[in-house]
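Inspection log for the structure reproduced underneath, given as structure tokens.
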Amino acid sequence: MIDLRSDTVTLPTPPMREAMANAVLGDDVYGEDPTVKRLEALAAERLGKEAALYVSSGTQSNLCALLVHCQRGEEFIAGQDAHIYKYEAGGGAVLGSIQPQPIEQADDGRLPIEAIAARIKPLDDSHLAVTRLIALENTWNGKPLPRRYIETVKSLADQHRLALHIDGARLFNAAAALGVDAMHLAEPADTVSICLSKGLSAPIGSVLCGSHNAIAEARRWRKMLGGGMRQAGVVAAAGIVALETMTERLSDDHARAEKLADALRQQGRFEIDGAFTNMVFVETASHLQAALVEHLAACGVCVAPGRYATMRLVFHADINDDDLGQVINAFDRFDGSDTTR
Ligand SMILES: *Cc1c(COP(=O)(O)O)cnc(C)c1O
């Protein structure tokens, strides 16, 4: 199957398997796994931060960041459709007693500066929670946030003594699309989380990067959350290969997404939104969607039915040009006329 549901479906590459088999290991909770340490040092260096922490998932990484920046009864500002607010089971509220303050994202993924400013609570009113953190997501729905915008949010945060966290699950996609170094996009933020297990093809893991102090604190929260992993170097080894060899090639995924969007526009059957980095969004009449998903599956193309009438197609390292041709062909052969059941 050509699996376009998500870049999380990527399998570890042969060099990752080899690195995993040969990884030098120790007990990381004792601070004795050299491979985990090497990955953390590499991630910190790539993002221009003092320190880094290897965690089990992007969700755990974001939660550790929330717990570092906010105390019980304090709040963070994030997008209404941000992962950290919407798709992490309310972890900050459940486990940290931290209140989210969601804000509607603009179409391009930005939180409008005036909207953020309007939601930062004045400190002299005891009715209100204390605002502590602004969380951005880069990319959001494939859309990259440029450095200039991030800087503007940072100066607003500074004015109010708030911290800035970037959920950079796909930060390297943003960097590739904008033609800048990931470090450049990470620089204004206090903490940045990156996923190794999405477009970078590692099997497991994320890395939270920040100052020595923030990461030392995050390490304690990770232990409390049950995220202290012993010989974690066996998977961290794949993360090292991911950072060393898989970031440059992301622009190939972006180019294929672009080609698919162009081809589907030419077919003229569906409304196409994107491509944005490695994602293409296909609008279908909602009564056609199930039939389309079924037809694509019969053609060997696996897509997830979208929420509402939008289908998201995601390109990644396990999709090549032949696969792209097959996907375009499969869309072309879809006969929407006999599917009005
Ligand atoms: C996938 C994702 C996460 C969470 O990562 P998991 O490893 O699935 O927990 C966080 N933020 C964004 C933007 C993501 O896409």
Original post:
What helices (runs of 4 or more DSSP H), lying completely within region 231-341, carry at least 2 residues that are within 27 Å of Asp108 (Cα to Cα)?
Top reply: 250-267, 286-298, 321-332
Original post:
Assuming Thr139 fulfils every condition listed in (1) within 16 Å of the chain's Cα centre (by Cα); (2) away from the ligand (no atom under 15 Å from the Cβ); (3) of a type in the set (Ser, Thr, Tyr) apart from one, which condition is it?
Top reply: (2)
Original post:
Which residue out of Ala117, Ala106, Ala65, Ala44 is modelled with pLDDT of 95 or more and surrounded by 24 or more Cβ atoms within 10 Å (Cβ to Cβ)?
Top reply: Ala65
Subject >> Total residues in region 22-63, condition more than 12 Å from the ligand (Cβ to nearest atom) and closer than 18 Å to Ala186 by Cα >> reply: 16
Original post:
Is there a residue in region 70-92 that is among the hydrophobic types (A, V, I, L, M, F, W, C), within 15 Å of the ligand (Cβ to nearest atom) and on the phi > 0 side of the Ramachandran plot?
Top reply: yes
**OP:** Sort through Ala298, Ala275, Ala257 and tell me the only one that's more than 24 Å from Leu171 (Cα to Cα) and either among the small types (Gly, Ala, Ser) or surrounded by fewer than 16 Cβ atoms within 10 Å (Cβ to Cβ) (or both).
**Re:** Ala298
Subject >> Candidates Ala186, Ala175, Ala182, Ala202 - the one that is of a type in the set (Gly, Ala, Ser) and within 11 Å of the ligand (Cβ to nearest atom) >> reply: Ala202
Original post:
Can we say Glu271 is of a type outside the set (Ser, Thr, Tyr) and touching a residue at least 24 places away in the same chain (Cβ under 8 Å)?
Top reply: no
Subject >> Qualifying residues in region 116-136 (those that are charged (D, E, K, R) and in contact (Cβ under 8 Å) with a residue 12 or more places away in the chain) - the one farthest from the ligand (Cβ to nearest atom) >> reply: Lys121
Original post:
Pick from region 93-115 the residues that are assigned to a helix (DSSP H, G or I) and closer than 17 Å to Thr131 by Cα: which of them is farthest from the ligand (Cβ to nearest atom)?
Top reply: Glu114
Original post:
Within region 297-311, how many residues are closer than 16 Å to Ala261 by Cβ and at pLDDT 95 or above?
Top reply: 2
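From Ser201, Ser193, grab the single residue that is assigned to a loop (DSSP other than H, G, I, E, B), among the hydroxyl-bearing types (Ser, Thr, Tyr) and closer than 24 Å to Ser6 by Cα. Break it down into steps so the answer makes sense when it comes.
Details: Ser193 fails: assigned to a loop (DSSP other than H, G, I, E, B).
Result of the check over Ser201, Ser193: Ser201.
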Original post:
Looking at region 4-40, which of its residues are surrounded by fewer than 15 Cβ atoms within 10 Å (Cβ to Cβ) and without any contact (Cβ under 8 Å) to a residue 40 or more places away in the chain?
Top reply: Pro14, Glu18, Ala21, Tyr30, Gly31, Glu32
Subject >> Where Asp3 falls short, out of the listed (1) over 16 Å from the mean Cα position of the chain (by Cα); (2) within 18 Å of Phe172 (Cβ to Cβ) >> reply: (2)
Subject >> Subset tally (residues that are outside any loop (DSSP other than H, G, I, E, B), of a type in the set (A, V, I, L, M, F, W, C) and closer than 13 Å to Gln105 by Cβ) for region 135-168 >> reply: 4
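The values are calculated or read from the model by the stated rules, or taken from the named source; none is laboratory data. For clarity, every value in this text was computed on a predicted model and none was experimentally measured. Virtual Cβ from ideal backbone geometry, glycine too; neighbours counted across all protein chains shown.
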